[in-house]
Every structure is written in structure tokens, then in C-alpha cells.
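The values are calculated or read from the model by the stated rules, or taken from the named source; none is laboratory data. This one's a predicted model, so the numbers in the text were calculated from it and none came from an experiment. Glycine also receives a Cβ, built like all others from the backbone with ideal geometry; neighbour counts cover every protein chain displayed. Note: areas computed on protein heavy atoms with side chains; ligands, DNA, RNA excluded. Shrake-Rupley method; radii C 1.70, N 1.55, O 1.52, S 1.80 Å.
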Amino acid sequence: MTTTTPNWTERTTLVAGLSIHLTEGGQGDPAVVLHHSTGSLGWIPFYEALARRFSVTAPDLPGYNQSERPVWAREPRDLAILMNRLLDRLDLRRVTLIGPGFGGFIAAEMAAMNSSRLQALVLIGAAGIRPERGEIMDQMLFKDEHYVKSGFRDEAAFREMFGEEVPLELYDLWDFSREMTARVAWRPYMYNRRLPHLLREVEIPTLLIWGEQDRIVPLNCGELYAQALPHARLEIVKNAGHLVELEEPEQVARLIETQVATPVTRRAE
Amino acid sequence: MRAWHFSENAYPYLPDPETYDSIRVTLPNRYYDPKIGAELYNRYLDEWVIADDLGLEIMANEHHQTATCIDPAVPIIMGIVARETKRARLLVLGNPIANRRQPVRVAEEMAVVDNISRGRLEVGFVRGVPYEISAANSHPVRMQERFWEAHDLILKAWTSHDGPFNWEGRYFHHRQVNIWPRPYQQPHPPVWITTLNPKSAPKIGEKGYVAACFLTGFEGTKQIIANYRARRAELGLSAPALDRFAYAALIYTGETDELGYEGARKILWYLEANKVPLHFVNPPGYLSLEANIQAVRAAGQRMGYQAFGKTSVEEQIQKGIVFAGNPDTVYQQIKRLYDHVGGFGHLLMMGQAGFLEHQETVRGLELFAREVYPRLKELSNGGSPAP
């Protein structure tokens with residue numbers, strides 16, 4: 001805990017009548033970062049690392065954390081439409097859109113619908129495509145703590161992040177988030193069969209980042225994303241799990257900076 | 001007062017609970033031996049026929065993916081019971097209509113059983129306990145809304161006789177609903193709704209359905225009945241007769257108090273065996289957010305295993321969950337709760353559970369039917385509805 005002023009600010013804006021909470025910081029080209037289905041953890045080191053090169057906007061997805069909950073929403077596409085409206089509201093251009101996990105599913109849906117405001121797409125351990133091998137781990141079948149723990153490469157990494165005793169506020173956050181996730185992603189679980197077809201003409205360069213030990217969203221999903229998108233490259237991070245941007249914030253931020261500076265696009269073999 | 005015999009029809013021959021996470025949803029069915037199971041089904045059906053012969057009414061329910069109840073399809077069970085019995089009223093309590101995908105099919109099933117029984121069916125609708133959501137793979141959010149829309153569609157299917165109608169609902173969509181047969185009873189079989197929560201009582205009261213209180217004890221039951229009455233009074237509707245209220249308990253009648261307790265101890269398996277982890281007990285959206293947060297905090301680091309856990313007959317008698325002892329003792333215990341809550345017209349009696357064997361079960365039912373039931377009938381005939 002330092003006594004310097006925080007490197008980020010918070011505000012709310014209105015999208016389709018819903019109050020959306022934003023956390024913003026950094027300088028440079030705009031980057032919009034979405035979060036996992038377990039909710040936002042605030043201004044994490046990954047955002048701090050990104051903020052050196054980008055002007056980072058981290059919205060709480062509608063229904064999560066401090067953003068108002070759209071009780072009428074039925075699928076991730078509804079949230080993606082709202083997030084595209086947010087880009088319009090903030091009038092952001094040449095955006096690097098970054099989405100991990102469920103946030104990646106939303107980001108992919110956003111790009112499928114309208115990539116005119118996007119410069120780059122970054123999907124980190126992203127849900128959204130049904131794996132051909134393995135299954136996306138179903139958080140509805142497990143206790144929240146077990147699910148989050150499975151997102152790390154090992155228990156030690158989980159403890160390093162959350163401590164020996166998980167704070168009660170986190171249990172609340174995970175449970176609160178799980179309900180919203182259930183509202184929009186219950187069935188099918190965490191993918192859309194139509195999405196790969198709709199990604200075929202998303203021309204913007206895409207960087208796919210996967211932890212080698214991702215036990216939540218199989219690496220196969222990254223491969224399928226790479227096949228579906230015309231300009232995509234899959235980067236595998238060694239010794240990292242699903243929550244690779246929590247485990248290796250500097251490395252992941254650097255991969256993104258490099259990609260945006262010199263977009264390398266190549267279909268996976 | 002009517003007394004209804006029921007059992008959840010468990011398959012209790014399981015390994016040590018230490019070896020499994022949950023008795024519901026995930027317990028592999030390799031622990032179910034069809035040879036044993038087949039005998040159990042036939043025995044449980046025999047016991048319902050015996051209940052019919054003894055002058056008791058009959059209740060059955062359904063649960064899924066659990067050793068605590070091997071009846072996943074109550075229409076099948078009740079169809080058999082309808083054919084095998086002569087006089088008993090047949091209560092399905094209930095159809096889990098928030099989990100059933102096709103309400104029209106529920107309407108058809110109940111109409112068939114009503115016809116086979118020549119109008120002895122009473123139809124209950126339940127939201128279902130939370131672990132049923134996992135088994136049905138149904139959406140835990142918006143269950144209440146789905147429940148009532150399914151109810152509306154079923155009632156309309158039962159009471160429409162002029163050809164097809166279309167249903168463009170929020171949760172259900174069905175073209176050309178036109179069920180054959182239509183129910184035997186007109187306009188439709190009596191409807192019951194299970195309620196565990198005083199907050200759901202008002203809506204049931206508005207409809208005038210039977211409110212079935214399951215293991216709600218002294219205070220919960222009193223509150224449910226009070227809320228039901230209050231709502232009807234508020235709307236200027238007629239005061240409900242006692243037959244609008246049902247109370248369910250675990251009941252065993254023995255020749256002596258000792259024997260009564262012994263039987264009840266076996267029936268307590270129903271509570272003690274219910275080992276279910278928190279994520280099944282508390283799926284997202286089943287409870288309100290406030291209630292949810294409380295449940296998560298209460299469970300904390302450990303899972304919500306064994307919601308009831310080890311308990312005693314005495315403890316559960318105190319709570320009004322169990323009635324056990326010799327016939328007079330059982331009568332007095334029932335009366336105590338009856339007086340406290342303002343009276344009720346139906347006693348739902350779990351007269352068998354767990355390892356309570358056939359002969360023991362039948363003895364308990366016989367003693368109840370012969371020695372307790374007549375006094376209960378006098379009780380509610382002599383009394384009048386509470387003001």
C-alpha cells in the first residue's frame with residue numbers, strides 16, 4: 001500500500017439506460033479490457049502494465065461489479081452489443097480490445113458484429129467456441145473457490161494471489177458474478193455454435209494468448225479461434241494456467257504491445 | 001382431516017457417506033443394483049395399496065438423480081397406483097413444473113391419471129428443491145416466473161375444450177394446444193402447491209389452492225397459514241376452510257412410545273442421509289441475492305454438507321418435524337402443532353424412509369389408521385376455521 005495517488009480513476013456512464021462503471025488509467029492508444037465471468041478484481045498489475053503504453057478503459061461488464069444488471073439479457077451477445085454501444089458512447093477509435101475468458105467471448109462477439117472501431121483484438125484463454133477436444137470447465141458444477149483455483153497453474157499461485165484465507169468480499173463477488181453468468185451463459189455453456197462462422201470476415205489482426213496449463217478453457221479453443229479468424233496468431237505462455245494475465249502480467253502486456261506495434265498475423269498450422 | 005401416506009421411495013443401500021461428495025446428482029448409479037431396486041419398487045407400490053386398504057389417502061412425489069428417491073417420474077408411479085387402488089385420493093406432490101420443459105405434457109399426464117383413477121387425482125405443483133436444478137439442467141434464474149407461466153399453460157390446457165389454442169409465452173412456446181384426454185374431474189383436479197416460505201403463501205391463497213407445508217415446523221407453518229388467510233381477507237375473498245392447508249411430517253406409530261421412537265429413528269434417514277454440497281444446494285439465482293450471500297458466508301470455507309446432519313427423534317419432535325410414539329403420544333404431538341398453527345385439514349405422513357422394512361412400515365400404518373386417524377378426523381370436524 002503506497003501513499004501516492006492511485007494511477008487510475010473511476011466513473012460511470014450510461015449505455016442503453018444502464019449505468020456502466022469504468023476504471024481508467026494510463027496514456028496512449030486506447031485499450032479496452034474486459035474481465036472474467038467471476039467479476040472484476042479492480043486495477044490489477046496487468047492493467048498497470050498495459051497503462052504504460054495504452055490509455056486503458058476497464059469497464060465492469062453489465063451485471064457485474066458496479067455496473068447495473070440487465071435482467072432482460074439472455075446471452076453473451078446482448079452484453080457484447082452493450083459493450084459496442086459503450087465504445088460508441090466513449091467515441092473510442094483504433095481500440096485494442098482485450099478479453100480474457102468470458103470477457104474474451106464477449107470481445108469476439110463484439111468484433112464479429114462491428115470491428116470498425118478496433119485496431120487489434122486480443123483474446124486470452126477466451127471462451128466462445130466449443131472445443132473439439134475436452135470441455136470448457138463448467139463453473140456451475142463447482143464451488144466458486146474450487147473453480148477460481150483451477151484457473152491457476154497450481155495452488156501456490158492461487159494462494160499468492162488471494163492469501164491463505166480468501167476474503168469474504170471475494171466469496172460475495174464470485175457468487176454475485178456467477179448469477180449474472182448463469183443468466184447469459186447457462187446453455188450452451190460458455191460458447192456459441194454460430195460464432196466461428198461469424199468470425200470468418202473479422203479482418204483485424206488478432207492475438208490469441210493461452211496459458212499452457214489452462215484447465216478451464218482448453219488450448220483447442222485457441223486453435224479453433226485461430227482457424228476461424230482470417231488474421232490470427234496463437235501465442236502459448238509456458239507455466240501458466242487459465243488466468244495467465246494474473247500469473248504473468250508483464251509478459252502478457254509485452255506480447256500485446258509488440259503485437260500492436262508490429263502486427264504479426266498468421267493462421268495456426 | 002385427511003391423512004396421506006407417502007414415502008420418497010429411497011434406495012438406501014449405499015457405501016459409507018465418507019466415500020462420496022453428494023448423495024444427489026453425482027452419485028454414480030453403479031451403486032444401484034437393479035435386482036434390489038426392482039424389489040423396492042414393487043414393495044413400495046404394495047405399501048401404497050395397503051394404505052388404500054387401510055382407508056388412508058396416498059401421496060407420491062418425484063426426484064431425480066438421487067438415491068433418496070428412485071421415482072424420477074411421478075406420473076408413471078401414480079398411473080400404476082391409480083390402477084391398483086380403489087378408493088384413496090391420489091396426490092401428486094408434485095410436478096416440478098419450473099424444470100419440466102413441456103407444460104402441455106404435464107397437463108396430458110395428469111389428465112390420463114385422473115381418468116384411470118376415475119377422478120381421484122389431486123395435482124400438486126412444486127418449484128423443486130435446488131439440487132433438482134442440476135439434475136434437470138434447468139435454468140435456476142427466473143424459476144418463479146417459469147413456474148407460474150407453466151401453471152397458467154397447464155390450467156389453460158385442462159380447461160380449454162373448443163379446439164387448439166396457441167401459447168406464445170415468455171418461457172414456453174407451444175402451437176396448437178389441444179389435449180386428449182381432458183381431465184376426468186371438472187373443471188380440473190384440485191391443485192396443491194408446496195410452500196416452504198411464508199412469502200409464497202399469499203399467491204397460493206389468492207388462487208385458493210391447497211398450501212402444503214413441508215417440514216416447516218411450528219412457526220413457519222403458522223406464518224404460512226396466517227399469510228394465506230391475510231391475503232384472502234385483503235382481497236375480500238372467502239375465508240379458507242381447513243382443507244386448504246396441509247402439513248407434512250415424518251410419522252411413526254408404535255404399540256409403545258419406545259417402538260414408536262425406534263421406527264421414527266429409521267425414518268430420520270431421510271434427513272440424515274441428505275449429504276449435498278453447497279453448489280447444488282445453492283445454484284445461482286435460486287435464492288435472492290441477500291439470502292445467497294448469507295448462505296455463502298455461513299458455509300464459508302467448507303461446503304454445505306449434510307444440511308441436517310446427525311439428529312435425534314426427540315430434537316425433531318420438538319421442532320414438529322417428527323411425530324412418534326404410541327398412538328396417544330402421536331395424536332397429542334399432532335394436536336400440539338395443529339393448535340399452534342390454527343388448524344389444518346391434511347396430514348401428509350412420511351410413514352416410510354431409509355431402512356424401515358416392509359413389516360415395520362405396515363405395522364406403523366395400521367396402528368396409525370386404527371388408533372390415531374379416527375381421533376384426527378374428529379379433531380378437524382369438531383373445530384371450525386380460525387377467524
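Below are the figures for this structure:
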item: Candidates B:Met59, B:Met143, B:Met78, ranked by Gaussian network fluctuation over chain B, Cα under 10 Å, top entry; result: B:Met143
item: Euclidean distance of C-alpha centroids, segment B:85-112 and segment B:215-229, integer Å; result: 26 Å
item: Local electrostatic count at A:Met137 - Lys and Arg +1, Asp and Glu -1, tallied over other residues with Cβ under 10 Å; result: -2
item: About the Cα centre, charge dipole magnitude for the protein assembly as shown (Lys/Arg +1, Asp/Glu -1 at Cβ), debye; result: 1860 debye
item: Qualifying chymotrypsin sites (Phe, Trp or Tyr not before Pro) for segment A:1-103 [loop in DSSP, other Cβ within 10 Å: at most 14]; result: A:Trp72
item: Principal axis dimensions, chain B - Cα atoms, whole angstrom, descending; result: 59, 52, 44
item: Within the accessible area of chain B (1.4 Å probe), percent carbon and sulfur; result: 51 percent
item: Percent antiparallel among DSSP beta bridges (both partners in chain B, rounded to 5); result: 10 percent
item: Chains B and A, summed buried accessible surface - 1.4 Å probe, Å², nearest 100; result: 2100 Å²
item: The protein assembly as shown, accessible area per residue, ligands and nucleic acids excluded (1.4 Å, Å²); result: 42 Å²
item: Under the span-like rule (Cα at least 18 Å along the axis, Kyte-Doolittle mean at least -0.5), DSSP H helices of chain B; result: B:103-116, B:143-159
item: Excluding exposed DSSP-loop GluC sites (Glu not before Pro) (at most 13 other C-beta within 10 Å), longest clean stretch of chain B; result: B:1-254
item: Segment A:139-202-segment A:222-240 distance, computed between alpha-carbon centres (Å); result: 20 Å
item: Highest-fluctuation residue, A:Leu224, A:Leu234, A:Leu118 considered, GNM on chain A with Cα pairs under 10 Å; result: A:Leu224
item: Residues in segment B:261-288 that, when all protein chains are in place, have 40 Å² or more less accessible area than the chain alone would give (probe 1.4 Å); result: B:His279, B:Pro284
item: At 1.567 mPa s and 4 °C, Stokes D of segment B:234-281 from Kirkwood alpha-carbon radius, µm² per second; result: 89 µm²/s
item: Rg [Å, one decimal], Dmax [Å, integer] - segment A:131-269, C-alpha atoms; result: 16.3, 47
item: GNM top mover of B:Asp21, B:Asp114, B:Asp52 - chain B, alpha-carbon springs below 10 Å; result: B:Asp21
item: Heavy atoms of B:Leu242: accessible area, 1.4 Å probe, square angstrom to 10; result: 20 Å²
item: Cα centroid separation - segment A:23-80 against segment A:99-124, whole Å; result: 12 Å
item: Cα Rg over Rh - the protein assembly as shown, Kirkwood; result: 1.05
item: Lys, Arg +1 and Asp, Glu -1 on Cβ, resulting dipole of segment B:89-216 about Cα centre, debye, nearest 20; result: 120 debye
item: Positive-pole candidate from B:Leu250, B:Pro327, B:Val74, dipole of chain B, charges at beta carbon; result: B:Val74
item: DSSP bridge orientation in segment B:108-235 - percent antiparallel, rounded to nearest 5; result: 30 percent
item: Entries in B:Lys275/B:Lys310; B:Lys86/B:Lys266; B:Lys222/B:Lys335; B:Lys266/B:Lys310 that, when Cα-Cα distance is taken, lie over 18 Å; result: B:Lys86/B:Lys266
